[in-house]
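This report concerns only the one structure given below.
Here, each number is a calculation from the coordinates, and none is a lab measurement. Note that the coordinates shown come from a computational prediction; the quantities given were computed from them, not determined experimentally. Quick reminder, even Gly has a Cβ in these numbers, built from the backbone with ideal geometry, and neighbours come from all protein chains shown.
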Amino acid sequence: MARTGVASFACVVCKGQEDMTAPLKECTDWLHAYFCDPGTTEKLPFPAFHHPIFHEATFTSRVLQTLLRDVKFGETVSYKHLAEMAGNSKAVRAVGGAMRKNPVPLLVPCHRVISNNGNIGNYMGGKGNHLKQWLLTHEKLSHGKKNKASLCSSPSQL
């Protein structure tokens, strides 16, 4: 019996890629490419976002969409510069708020947003700073490398 005000969800386990829905396949293909062959991510269809935050006419939505569109793999941007790119140079703190509200932090790469002084800043409320550093290092080491051996042999290794 469902309680009022409590969201419910279903988890369906796929036995293999042939059982996956198209959106799930796109997402797993993108994640596999990001971790195992980063140079191919731009050639893949990007997973669709159904979260309401991406469909609202808010500064947060504009910041997340600007970040996704304009800050590429291996690049970083300061909170201040991202605020300018999103159309409000005085909204540096609001950019930080947008990063905290990001429902898909790996896909919309808020780990690429750093402090103006070059420090990496916080990630996932400060609890994921080690992860932010790992992601930045992964991108830095992988950026521009061509013909490198794949780190993974299949998406199931993720």
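Laid out as a table, the results:
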{"read-out": "Flagged links, alpha-carbon separation over 18 Å, of Lys25/Lys72; Lys72/Lys132; Lys72/Lys140; Lys101/Lys132", "value": "Lys25/Lys72"}
{"read-out": "Inter-label distance for Thr40 and Ala22, nm, one decimal - labels placed 7 Å from Cα along Cα-to-Cβ", "value": "2.1"}
{"read-out": "Phi to ³J(HN,Hα) by Karplus 6.51 cos²θ - 1.76 cosθ + 1.60 over the range 22-30, Hz, x for Gly, Pro", "value": "4, x, 5, 5, 4, 5, 5, 4, 5"}
